[in-house]
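Q: Have a look at this one before I ask anything.
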Amino acid sequence: MLRPWLDLPGARAWFDWAAQTTGTDLVRHGTESDAETIRDTAVAQPLLVASALASLRAVLDDFAVPGTTAPDGSGPWPPANVDVTAGHSVGELAAAAVSGLLDEADALRLVAVRGRAMAEAAAASTPTGMSAVLGGDPDVVLARLTALDLVPANVNGGGQVVAAGPLDRLAELTATPPARARVMPLQVAGAFHTDVMAPAVAALAAAAAQTVPHPPGPVLLGNADGAPVTTAADGLARLVAQVARPVRWDLCCQTMAGLGVTGLLELAPGGVLAGLARRTLPDVERVALKSPDDLPAARDLVARHAARY
């Protein structure tokens, strides 16, 4: 996932700095590691946040010059041409950095703690997981999850809900799905965004207590309810609590529509959220950053839609 980005001028120096900050060998994992290795959420989460931030740096053409010292992480944040930002699950940490709530370095430090703590919480519980439920009547789907004592851990809109809980109950959901719905098990380490992650909340809270947040520049939407973050302290508290709370991406999209968002840029590794937006925000122009080949389209979208809010 990182190989094409590393060819951009200055990118490798930035990723080397990010690797030091997270304590994770991002370049090796992003170019060589197999799927089973990256399935470890302690590896996946730093990779996801680093790739998102690096891709926005690429859009802004603001990597360090090759051969100079590694960047200090202060970054071009918040970007003047971003009006609203939001991130799905761990992406909320990248969004917090884009908004200026967190410095890049703090976002990377916190995601390293978050990833390790969530992996440990999952390993300490009875075997749990997550499955996407696609289609079906929303009320019927939620009723079925309640009957199986499963948690709607991600309510994504566009006919997609992610159920979380014990593996045996998820297997029963797959065997007898709600009417007109199909169930797709996800390759994750445990029941994220549920009470199973309570120990991870405590670990992240301890790390966050050493972090100084800043009032967000662009509007930053919270995963819990789609509402704009009101203060620096509110934003940091939301990031911590969200580890064990369901993600309401449907409400984030509703807020974006209400704010009059006209252009959506999904940072790397892009595709999933832009796909959801085709159904939830059909009138919003979208670009997903899947590789550097998408940079011209991303820059064009930013130039045409920035500062309209």
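Q: Within the stretch 72-80, does at least one residue satisfy the condition of being touching a Ser or Thr at 6+ places or on another chain (Cβ under 8 Å), at pLDDT 95 or above and of a type outside the set (Phe, Trp, Tyr)?
A: no
Q: Just the residues that are under 22 Å from Ala58 (Cα atoms), open to solvent by 20 Å² or more (accessible area, probe 1.4 Å) and among the aliphatic types (A, V, I, L, M), please, taken from the stretch 255-286.
A: Leu264, Leu265, Leu267, Val272, Leu273 - these are the residues of the stretch 255-286 that are under 22 Å from Ala58 (Cα atoms), open to solvent by 20 Å² or more (accessible area, probe 1.4 Å) and among the aliphatic types (A, V, I, L, M).
Q: Let me ask something else about it. Taking only pairs six or more apart or across chains, which ones have beta-carbon atoms under 6 Å, a first residue in the stretch 121-132 that is over 25 Å from Gln160 (Cβ atoms) and at pLDDT 95 or above, and a second residue that is loosely packed, with under 12 Cβ neighbours inside 10 Å and of a type outside the set (D, E, K, R)?
A: Cβ pairs passing all conditions: none.
Q: Filter the stretch 187-209 for residues that are open to solvent by 30 Å² or more (accessible area, probe 1.4 Å) and either at pLDDT 95 or above or within 30 Å of Gly258 (Cα to Cα) (or both) and give the result.
A: Asp195, Val196, Ala198, Pro199, Val201, Ala202, Ala203, Ala205, Ala206, Ala209 - these are the residues of the stretch 187-209 that are open to solvent by 30 Å² or more (accessible area, probe 1.4 Å) and either at pLDDT 95 or above or within 30 Å of Gly258 (Cα to Cα) (or both).
Q: Separate question: Considering only the stretch 1-36, how many residues are assigned to a loop (DSSP other than H, G, I, E, B), polar (S, T, N, Q) and either modelled with pLDDT under 95 or surrounded by fewer than 21 Cβ atoms within 10 Å (Cβ to Cβ) (or both)?
A: So the count comes out to 1.
Q: Being open to solvent by 20 Å² or more (accessible area, probe 1.4 Å) and within 14 Å of the chain's Cα centre (by Cα) is the filter here; which residues of the stretch 218-235 pass it?
A: Ala224 - this is the single residue of the stretch 218-235 that is open to solvent by 20 Å² or more (accessible area, probe 1.4 Å) and within 14 Å of the chain's Cα centre (by Cα).
Q: Something else about it: For the stretch 119-157, how many residues meet the condition of being over 20 Å from Thr176 (Cα atoms) and among the hydroxyl-bearing types (Ser, Thr, Tyr)?
A: Residues that pass the stated criteria total 2.
Q: A follow-up question, please. Go through the stretch 236-254 and give me each residue that's open to solvent by 30 Å² or more (accessible area, probe 1.4 Å) and either among the polar types (S, T, N, Q) or within 11 Å of Gly91 (Cβ to Cβ) (or both).
A: Passing the criteria: only Gln254.
Q: Can we say Leu108 is at pLDDT 95 or above, in a helix (DSSP H, G or I), open to solvent by 10 Å² or more (accessible area, probe 1.4 Å) and closer than 25 Å to Ala227 by Cα?
A: For Leu108, the condition - at pLDDT 95 or above, in a helix (DSSP H, G or I), open to solvent by 10 Å² or more (accessible area, probe 1.4 Å) and closer than 25 Å to Ala227 by Cα - is not met.
Q: Listed residues Leu142, Leu134; which is farther than 15 Å from Asp195 by Cβ, part of a strand (DSSP E or B) and open to solvent by 30 Å² or more (accessible area, probe 1.4 Å)?
A: Step by step, each of Leu142, Leu134 is checked, and only Leu134 is farther than 15 Å from Asp195 by Cβ, part of a strand (DSSP E or B) and open to solvent by 30 Å² or more (accessible area, probe 1.4 Å).
Q: Could I ask something else about it? Just to check your reading of the model, which residue among Asp83, Asp168 is touching a residue at least 24 places away in the same chain (Cβ under 8 Å), surrounded by fewer than 23 Cβ atoms within 10 Å (Cβ to Cβ) and among the acidic types (Asp, Glu)? Break it down stepwise before answering.
A: Working: Asp168 fails: touching a residue at least 24 places away in the same chain (Cβ under 8 Å).
Answer to the check: Asp83.
The values are calculated or read from the model by the stated rules, or taken from the named source; none is laboratory data. Given the structure is predicted, the values throughout are model-derived calculations rather than measurements. All Cβ positions, even for glycine, are placed from backbone atoms using ideal geometry, and neighbour counts span all protein chains on display. When the accessible area is computed, the model is the full protein with side chains, heavy atoms only, and any ligands, DNA or RNA have been set aside. Shrake-Rupley method; radii C 1.70, N 1.55, O 1.52, S 1.80 Å.
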